[in-house]
Amino acid sequence: MSEQSRRPRRPAKPYRRPQKDPVRMLAFEALRAVDERDAYANLVLPPLLRKAREKGDFDARDAALATELVYGTLRRQGTYDAVIAACVDRPLREVDPPVLDVLSLGAHQLLGTRIPTHAAVSASVELARVVLGDGRAKFVNAVLRKVAQDDLDGWLEKVAPPYDKDPEDHLAVVHSHPRWIVSALWDSLGGGRAGIEDLLEADNERPEVTLVARPGRATTEELLREDAAVPGRWSPYAVRLTEGGEPGAVEAVRDARAGVQDEGSQLVALALANAPIDGPDEKWLDGCAGPGGKAALLAALAAERGAALLASEKQPHRAGLVAKALHGNPGPYQVIAADGTRPPWQPGTFDRVLMDVPCTGLGALRRRPEARWRRRPEDLDNFAPLQRALLRTALDSVRVGGVVGYATCSPHLAETRAVVSDVLKQYPEAELIDARPLLPGVPALGEGPDVQLWPHLHGTDAMYLALIRRTG
């Protein structure tokens, strides 16, 4: 009998069924929806959380952790990709997307949260066993153990090029933005390292939920009775929920007497409503009204003056959202589904016109962090003709003496000043008016006459507004 055959055999290691962690399973499911279906996390996550709560799997702390895992991973995806790339033996494009999602979730727990290292690694490996299988779980374990060998600052020293050699790529890796977006935002800010770093960092912070009390339907005093509610910074109708409050739990929001609306969006509507005009003030138009936040505020303001709002939206399903937001408005209004570049109304019909045009959405990267990875520079070329056509429609639609507000949720110069400048060359009978006095108390509004809001300066989305008066 050989020596080997006399050795007692080790008992087989008993198979252990992977343990499902509801929080990390939900976070993984949300990331897969974002990747596979081009979904937005702010649309995918709420129903997943609601379903988990209904099943009894989640409490408030679980929901908060799942939300942080999803949004934190998406915001820092560029940084985590650079770190993970340094820890694998193949290009990231050759790593299966579901595996990369588990690795990114693990990297965020290790580098972006206070979860202990051993817990972050073990929970991620267990998730991998459930959703990927034992073989790929071993790969996840090996990679995350390498990631865990340093903290975020240490990794950035390794994977980000020095600022002095390539400032844009350095900022792109450190602050997790595509390089072309870093360049565009820097141009819009007008230079300076401190400003761009503050902006990029603000894009990576979780924004507060901001509510709007629609005039004549709700008051800020009512909303301030909610837990952790404080007044807005700039808008007299704004209330902020400072501890991640659930807007769906607010009665006025459920009744559409109030709504969720960024303060920058509120300021755009207020500035147009308060702009001086010559002559009557009876007919207002929101020419790109979906999904209805600005339209609801404008309709309420119009009702206080005895004016009527026409809210037009090209997409019928979005026009339905507008109608829902305006339902119960105290004054007259109408919602229609119409193409703003081929309007059904007569020229010169309106006293005030808002045209908040479709754009890249680079001003709302705090709220939709995944958008930064989906957008491409060529998207600007795709939006440009539509933006100009809609501004021309707005100028045709307003009467002499009336005012147009051109707005975008993007600070990119190609979507803001370039559009306004190009269109005004075709309209010598129109002139820019100074929008800054119409945002009273708001600091750092630049040289005018247009206004660019910023997350790092104003705590709002990066909304742009130009006000134009029709003079002939």
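Of all residues in the range 261-284 being more than 18 Å from the chain's Cα centre (by Cα) and part of a loop (DSSP other than H, G, I, E, B), which is nearest to L309 (Cα to Cα)?
We begin by selecting, within the range 261-284, every residue more than 18 Å from the chain's Cα centre (by Cα); these are 269-284.
With the extra rule that they be part of a loop (DSSP other than H, G, I, E, B), the set shrinks to 275-282.
Details: A275: 16, P276: 18, I277: 16, D278: 18, G279: 17, P280: 14, D281: 11, E282: 9 Å.
Out of the qualifying residues, it is E282.
Is one or more of the residues making up the range 172-180 in contact (Cβ under 8 Å) with a residue 24 or more places away in the chain, open to solvent by 40 Å² or more (accessible area, probe 1.4 Å) and out of contact with any Pro (no Cβ under 9 Å at 6 or more places or on another chain)?
Quick first cut of the range 172-180, residues in contact (Cβ under 8 Å) with a residue 24 or more places away in the chain only: 172-178, 180.
Remaining after also requiring open to solvent by 40 Å² or more (accessible area, probe 1.4 Å): 180.
Now drop any that are not out of contact with any Pro (no Cβ under 9 Å at 6 or more places or on another chain), which leaves none.
Taking every residue of the range 172-180 in turn, none turns out to be in contact (Cβ under 8 Å) with a residue 24 or more places away in the chain, open to solvent by 40 Å² or more (accessible area, probe 1.4 Å) and out of contact with any Pro (no Cβ under 9 Å at 6 or more places or on another chain).
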Hits in the range 260-278 - residues which are in contact with a Lys or Arg (Cβ under 9 Å, 6 or more places away or on another chain), at pLDDT 95 or above, more than 13 Å from L465 (Cα to Cα) and surrounded by fewer than 22 Cβ atoms within 10 Å (Cβ to Cβ): P276, I277
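Can you name every residue in the range 136-186 that is part of a helix (DSSP H, G or I) and among the acidic types (D, E)? First the steps, then the outcome.
First, the residues of the range 136-186 that are part of a helix (DSSP H, G or I): 136-147, 152-159, 167-175, 179-186.
Scanning the range 136-186 gives D153, E157, E168, D169.
For the range 198-260, which fully contained strands (runs of 3 or more DSSP E) count at least 3 residues that are over 18 Å from the mean Cα position of the chain (by Cα)? Spell out the reasoning first.
Working: elements: 209-213, 229-231, 238-241, 258-260.
Fully inside the range 198-260 and qualifying: 229-231.
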Residues within the range 191-223 that are open to solvent by 40 Å² or more (accessible area, probe 1.4 Å), at pLDDT below 95 and over 20 Å from L457 (Cα atoms), tallied: 1
The range 420-437: number of residues that are open to solvent by less than 30 Å² (accessible area, probe 1.4 Å), outside any loop (DSSP other than H, G, I, E, B) and either more than 19 Å from G363 (Cα to Cα) or in contact with a Leu (Cβ under 6 Å, 6 or more places away or on another chain) (or both): 3
Unique residue being small (G, A, S) and open to solvent by less than 10 Å² (accessible area, probe 1.4 Å) when the list is G459, G402, G448: G402
Sole exception among (1) assigned to a helix (DSSP H, G or I); (2) in contact (Cβ under 8 Å) with a residue 24 or more places away in the chain for G402, by number: (1)
Checking D339 against (1) charged (D, E, K, R); (2) within 27 Å of the chain's Cα centre (by Cα); (3) not in a loop (DSSP other than H, G, I, E, B), the condition it does not meet: (3)
Top-ranked residue of the range 438-472 - restricted to ones that are farther than 24 Å from R367 by Cα and of a type in the set (A, V, I, L, M), ranked as farthest from the chain's Cα centre (by Cα): I468
Members of the range 300-333 that are surrounded by fewer than 14 Cβ atoms within 10 Å (Cβ to Cβ) and free of Cβ contacts under 8 Å to residues at least 24 places away in the same chain: P316, H317
Number of the exception - E94 against (1) within 22 Å of E201 (Cβ to Cβ); (2) more than 23 Å from the chain's Cα centre (by Cα); (3) open to solvent by 10 Å² or more (accessible area, probe 1.4 Å); (4) of a type outside the set (G, A, S): (1)
The range 370-388, residues that are charged (D, E, K, R) and within 28 Å of R76 (Cβ to Cβ): E370, R372, R374, R375, R376, E378, D379
Residue identified as closer than 19 Å to R368 by Cβ and of a type outside the set (A, V, I, L, M, F, W, C) among S176, S183, S235: S176
Failed criterion for V253 (all others in (1) open to solvent by less than 40 Å² (accessible area, probe 1.4 Å); (2) among the hydrophobic types (A, V, I, L, M, F, W, C); (3) touching a Leu at 6+ places or on another chain (Cβ under 7 Å); (4) at pLDDT 95 or above hold): (4)
Sole exception among (1) modelled with pLDDT of 95 or more; (2) under 20 Å from A407 (Cα atoms) for R368, by number: (1)
The range 77-121, residues that are β-branched (V, I, T) and free of Cβ contacts under 8 Å to residues at least 24 places away in the same chain: V95, I115
Members of the range 258-311 that are touching an Asp or Glu at 6+ places or on another chain (Cβ under 6 Å), closer than 21 Å to G232 by Cβ and among the small types (G, A, S): G264, A295
Residues of the range 43-63 that turn out to be surrounded by 14 or more Cβ atoms within 10 Å (Cβ to Cβ), assigned to a loop (DSSP other than H, G, I, E, B) and acidic (D, E), as a count: 1
Count of residues meeting criterion [without any contact (Cβ under 8 Å) to a residue 60 or more places away in the chain and within 20 Å of L92 (Cβ to Cβ)] in the range 122-132: 3
Subset of the range 224-250 that is free of Cβ contacts under 8 Å to residues at least 60 places away in the same chain and closer than 22 Å to A273 by Cβ - its residue that is surrounded by the most Cβ atoms within 10 Å (Cβ to Cβ): V239
Residue check for L362: modelled with pLDDT of 95 or more, open to solvent by less than 30 Å² (accessible area, probe 1.4 Å) and touching a helix residue (DSSP H, G or I) at 6+ places or on another chain (Cβ under 8 Å): yes
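The values are calculated or read from the model by the stated rules, or taken from the named source; none is laboratory data. Bear in mind the structure is a predicted one, so any value in this text is a computation, not a measurement. FYI the Cβ positions are ideal-geometry reconstructions off the backbone, even for glycines, and counts take in every protein chain you see. Side chains are part of the model used for accessible areas, which takes the heavy atoms of the whole protein and leaves out ligands, DNA and RNA. Shrake-Rupley method; radii C 1.70, N 1.55, O 1.52, S 1.80 Å.
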